[in-house]
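A short write-up of the structure that comes next.
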Amino acid sequence: MSAEDLVTDKPVPNTGKDEKKAEDSKPKGSTKSAATNTAAGSRQPEKPKNKGPAKVIAFANQKGGVAKTTTALNLAVAFKESGHRVLTVDMDPQGNLTMSQGVDPDKVEKSMFDVLVHRIPISEIIVEREIDVAVASIDLAGAEIAMSTQIGRERALQKSLEEVQDDYDFVCIDTPPSLGLLTVNALTAANKVIVPVQCEYLSMRGLVQLQNTLQMIRENLNPGVEIEGILPTMLDSRTVHAKEAVEILEENFGELVFKSRIRKAIKFAEAPVRGTSVLKYDPNGKAAGAYRDLAKEVLTHDS
Ligand SMILES: Nc1ncnc2c1ncn2[C@@H]1O[C@H](COP(=O)(O)OP(=O)(O)O)[C@@H](O)[C@H]1O
Ligand SMILES: [Mg+2]
């Protein structure tokens with residue numbers, strides 16, 4: 001198989017939309033209790049380390065179905081297991097992150113839409129689940145148009161996070177499959193970007209486009225933002241194709257490619273339907289272990 005076969009821009013449909021009845025969301029009202037929130041996690045977190053301000057990580061790739069949401073959620077839960085205070089922010093109008101913590105995006109009263117468009121405090125829309133979630137709703141789809149005439153529209157998320165930056169060690173932002181204003185807001189608010197890549201449909205052109213967008217963000221909005229790492233996901237290690245895909249990634253992006261690999265596993269599709277992370281759904285499984293390894297790798301970068 002040639003590199004050309006691997007480097008394709010074929011769209012990847014996001015087939016795993018999880019439709020389920022979810023519990024009603026309960027807004028936190030205040031983030032002050034975040035440090036003591038021990039809800040839902042299968043392992044009790046260690047004592048939080050009061051380091052603040054939070055390190056903000058955006059999970060971005062304009063392709064759908066590459067495991068952005070899965071990675072944002074499970075890495076966030078792995079950070080929490082290792083004793084950190086974690087907020088996740090759902091910037092995708094599809095609300096998959098919100099759903100995968102058992103909250104129905106159709107039932108939330110206030111969401112990131114109100115934070116971005118009406119500038120309400122983000123603490124008003126954070127709900128406590130395994131980790132804290134700033135929830136999305138379907139009306140977030142209209143946020144880009146509603147914000148289009150606002151001054152400072154690219155910085156709305158960055159500004160909203162100022163309120164809670166000392167309440168968390170990590171803020172993990174899930175983004176939609178596009179490079180529009182919602183993703184630009186995420187990249188402007190972020191210190192680091194994690195880029196999940198599905199090795200089966202590796203798109204070098206897509207990654208170059210994402211790098212170009214990041215360069216524009218650096219020049220105009222957020223000079224310090226950097227790629228934390230590129231994460232090979234949904235690996236089927238039995239196929240030569242997947243191995244070649246990772247080799248091509250490493251040839252092109254070198255050290256930027258994480259050592260951690262996320263293999264294909266049915267548990268990843270099952271967990272969100274139950275409204276939980278894989279770390280809670282199958283705490284001792286390999287899938288959970290893979291995201292704990294990734295958390296260690298990111299924490300090592302930091303130290
Ligand atoms: N490692 C994996 N193995 C198998 N299925 C996965 C894996 N990671 C994610 N999935 C599933 O693939 C689908 C797309 O993942 P998702 O995280 O929603 O991607 P994105 O947010 O990039 O659109 C979901 O149904 C998810 O449960
Ligand atoms: Mg997603």
Too long for a 20 Å Cα-Cα cut-off, among 55/80; 243/267; 55/107; 259/280; 63/110; 63/280, are 243/267; 55/107; 259/280; 63/110; 63/280
Between residue 132 and residues 5 or more places away or on another chain, the pairs with built amide H atoms under 5 Å apart involve 86, 88
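What order do you get for 262-268, 155-161, 183-189 when each peptide is scored by the mean count of other beta carbon atoms within 10 Å, highest first?
Details: 262-268: 17.4, 155-161: 20.4, 183-189: 24.9.
Ranked by mean Cβ neighbours within 10 Å, highest first: 183-189, 155-161, 262-268.
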In segment 73-149, what GluC sites (Glu not before Pro) fall in a loop by DSSP, with at most 16 other Cβ atoms inside 10 Å?
-> 109
Expressed as a whole number of Å, what is the distance separating the alpha-carbon centroids of segment 198-212 and segment 245-289?
-> 18
In nanometres, what is the gap between the two model label sites at residue 139 and residue 208, each 7 Å from Cα along Cα-to-Cβ?
-> 4.2
Note down the nm distance, to one decimal, between modelled labels 7 Å out along Cα→Cβ at residue 248 and at residue 296.
-> 3.1
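Gain in length, residue 118 to residue 106, computed as 0.36 nm per residue apart minus the alpha-carbon separation, to one decimal in nm? Can you show the working numbers first?
Working: separation 12, 0.36 × 12 = 4.32 nm, distance 1.88 nm.
Length gained, residue 118 through residue 106: 2.4 nm.
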Label points 7 Å out from Cα along the Cβ direction at residue 215 and residue 237: separation in nm?
-> 3.6
Interchain or long-range residues, amide H under 5 Å from residue 198's placed H = 233
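Only the coordinates and a few stated rules stand behind these numbers; no lab work does. None of these values were measured; they are calculated from a predicted model. Note that we place each Cβ from the backbone using ideal geometry, even for glycine, and neighbour counts take in every protein chain shown.
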